[in-house]
1. Do you know which residues across region A:305-325 are more than 14 Å from chain B (Cβ to nearest Cβ) and either among the β-branched types (Val, Ile, Thr) or within 17 Å of A:Val148 (Cβ to Cβ) (or both)?
2. Do we have any residue at all in region B:37-53 that's under 14 Å from the mean Cα position of the chain (by Cα), under 30 Å from A:His253 (Cβ atoms) and either without any contact (Cβ under 8 Å) to a residue 12 or more places away in the chain or within 14 Å of chain A (Cβ to nearest Cβ) (or both)?
3. Are any of the residues in region A:160-170 closer than 30 Å to B:Pro33 by Cβ and more than 12 Å from the chain's Cα centre (by Cα)?
4. If only one of A:Phe162, A:Phe99 is of a type in the set (A, V, I, L, M, F, W, C) and either modelled with pLDDT under 80 or surrounded by fewer than 21 Cβ atoms within 10 Å (Cβ to Cβ) (or both), which one is it?
5. Hey, any hits in region B:81-94 for a residue that's assigned to a helix (DSSP H, G or I) and either hydrophobic (A, V, I, L, M, F, W, C) or at the interface with chain A (Cβ under 9 Å from one of its Cβ atoms) (or both)?
6. Checking B:Ala118 against (1) surrounded by 15 or more Cβ atoms within 10 Å (Cβ to Cβ); (2) closer than 30 Å to A:Tyr315 by Cβ, only one condition comes out false. Which one?
7. Given the criterion over 30 Å from A:Gly366 (Cβ atoms) and in contact (Cβ under 8 Å) with a residue 60 or more places away in the chain, identify the matching residue among A:Val233, A:Val185, A:Val264, A:Val213.
8. Here are some residues: A:Arg258, A:Arg268. Which one is surrounded by fewer than 24 Cβ atoms within 10 Å (Cβ to Cβ) and in contact with an Asp or Glu (Cβ under 8 Å, 6 or more places away or on another chain)?
Amino acid sequence: MKFLRDSLTKKAIFLFSVLLTALVVVATVLFRKGVVQVSLWTFVGSLLAVLLFILIVFLLDVMSPLSRVAKEVRALLGGKNYQRVPPTTIDEIGMFTHFFNEITRDLEKISYDVRERRRMTSELDIAAQIQRDVLPKSAPESKGLDIVAKTRPAAEIGGDSFDFLKTADDKQTILYIGDVTGHGVPSGIIMMMVNTLVRSMLSMGMVSSRDIVVLTNTLLSPKISSRLFMTLVMLRWDSENQKMYYTGAGHEHILVYRQKTEKVEAIRSGGIALGMIPDNSLIAQEKEIPLEIGDSILLYSDGMTEAKNKTGEMYTLERMVQSFQKNGYFPSAESIFDHVTKDFQAFVQEYVQIDDCSMIVIKYAGPESGAKMKLSISNEEARTAKTSKIWDWES
Amino acid sequence: MPTTANITINSVEGNNAIKVIHVAGELDESNLPQFESAITPIMEDKSVKVLIFNFMELKFMNSKVIGFFAYLYTTLSKDKRRIIFASYNQTIHDILALVGLDKLVDSAPTLDVAIQDAYKLINPE
């Protein structure tokens, strides 16, 4: 009787056929017996019996399963607890019952995913705030230097960092820019580990940028996978003697604009990225960058040179050098920074930022100048609209 | 615009201990998973003693890819297995030198020299 079970219409037709057959049989029997009249009560009684039969069949086979499903649908729509209904038929009602069960299963999964996503977003927001708090808001006074530094992460948590610190004897300023492979939570964690290590070393009296880089690497390497390394270049400014030194750990070039020649020198920062080898003491070296008044230094992360425009063309070191060479003569670090940024913006335009971008411009203004520093980390609201307009540090 | 790279893997004639991986195009995080899945079986095959990466047609790779090579180097070094980078252009050389990976991994100016170096590594005198 499967052909009946899978359709209400077939059931209705079958029922009608049964009743019609019964009527024909009764009529034939009565006719053969010569009964040509029946009493009113017999007729009404028979009719009632037939209608009752139809009602019972309708209640059992249609209304009962339908009302079970409808009850759970009402509970679902009313935000109350509901249960899945085991289908008892395979007709249209059975199909709706099965559909209800599937829908509720999918809704439960989606609801769980949404809750998880909300929880993770909330935790990421907290982590991003912690990271923003770690990055410097102001910088120690460094006689002779005019500095602008900005960073814009590609995700809630970034892998780029910079910091400006004084040594314990207050005679040196340490500046560094660093870039952990990739971006996101793993990179952010390593960035904060390095930030904490560097600060700790300075507070314990370390002065040499080379020693700081070597010890940071020694402590960091055992803790991280070699896939996740950090490139870094650290400058040490001896404000008493007005001398600049650097130690590289596999970072991008240090660009130096020479006021006298109006040319840019691209100095390889050297060294090896932090976390690649357990001991970099034989490779790390501190070297001097001779500076004259009016010279400028530009430090950046590879998110800038590897940024692409909509035709897929990369910005490259060459463009960075050209821009710095064109704009290095400006008297303040801020004006140099802004003009280099404008050239970058003109190239990338509505850039889909895929890596963290950071840049530091340092102008050597001479020992008589007061120290100026302007630092900026792009704010949270700006990060939500990365692809809709021309790239900027603040949007 | 998606980044594409073409990867082919060969054994050196008569010697399964040396594999040559030819990489053409560009490598970055968008195609790194495919690159990794091609290299991982070789990395896990302990009978392969030297991996030669032929970069003659490789135009660019970014820091995430460098990270994978650093991981590959560290993993293979534990079993005294080696990597050789062959025939890279100036751009690739600059990228490797910037991060310092050239100080860890052997390199060769051509594929033939890399293969000769590989033979010396697996058959030291």
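The values are calculated or read from the model by the stated rules, or taken from the named source; none is laboratory data. As the structure is a computational prediction, the values presented were derived from the model and not from experiment. Counting neighbours? That spans all protein chains shown, and the Cβs are built from the backbone with ideal geometry, glycine included.
1. Of the residues in region A:305-325, the ones more than 14 Å from chain B (Cβ to nearest Cβ) are A:319, A:322-325.
Listed by number, the residues that qualify are A:Ser323, A:Phe324.
2. Checking region B:37-53: at least one residue is under 14 Å from the mean Cα position of the chain (by Cα), under 30 Å from A:His253 (Cβ atoms) and either without any contact (Cβ under 8 Å) to a residue 12 or more places away in the chain or within 14 Å of chain A (Cβ to nearest Cβ) (or both).
3. Checked region A:160-170: at least one residue is closer than 30 Å to B:Pro33 by Cβ and more than 12 Å from the chain's Cα centre (by Cα).
4. Details: A:Phe162 fails: either modelled with pLDDT under 80 or surrounded by fewer than 21 Cβ atoms within 10 Å (Cβ to Cβ) (or both).
Of the residues listed, the single one that is of a type in the set (A, V, I, L, M, F, W, C) and either modelled with pLDDT under 80 or surrounded by fewer than 21 Cβ atoms within 10 Å (Cβ to Cβ) (or both) is A:Phe99.
5. In the first step, residues of region B:81-94 are kept if they are assigned to a helix (DSSP H, G or I); the result is B:90-94.
Within this subset, residues satisfying the condition of being either hydrophobic (A, V, I, L, M, F, W, C) or at the interface with chain A (Cβ under 9 Å from one of its Cβ atoms) (or both) are B:92, B:94.
Yes, region B:81-94 contains at least one residue that is assigned to a helix (DSSP H, G or I) and either hydrophobic (A, V, I, L, M, F, W, C) or at the interface with chain A (Cβ under 9 Å from one of its Cβ atoms) (or both).
6. Condition (2) is where B:Ala118 drops out.
7. On the way: A:Val233 fails: over 30 Å from A:Gly366 (Cβ atoms); A:Val264 fails: over 30 Å from A:Gly366 (Cβ atoms); A:Val213 fails: over 30 Å from A:Gly366 (Cβ atoms).
Every option except A:Val185 fails the conditions.
8. Working: A:Arg268 fails: in contact with an Asp or Glu (Cβ under 8 Å, 6 or more places away or on another chain).
Just one listed residue meets the conditions, A:Arg258.
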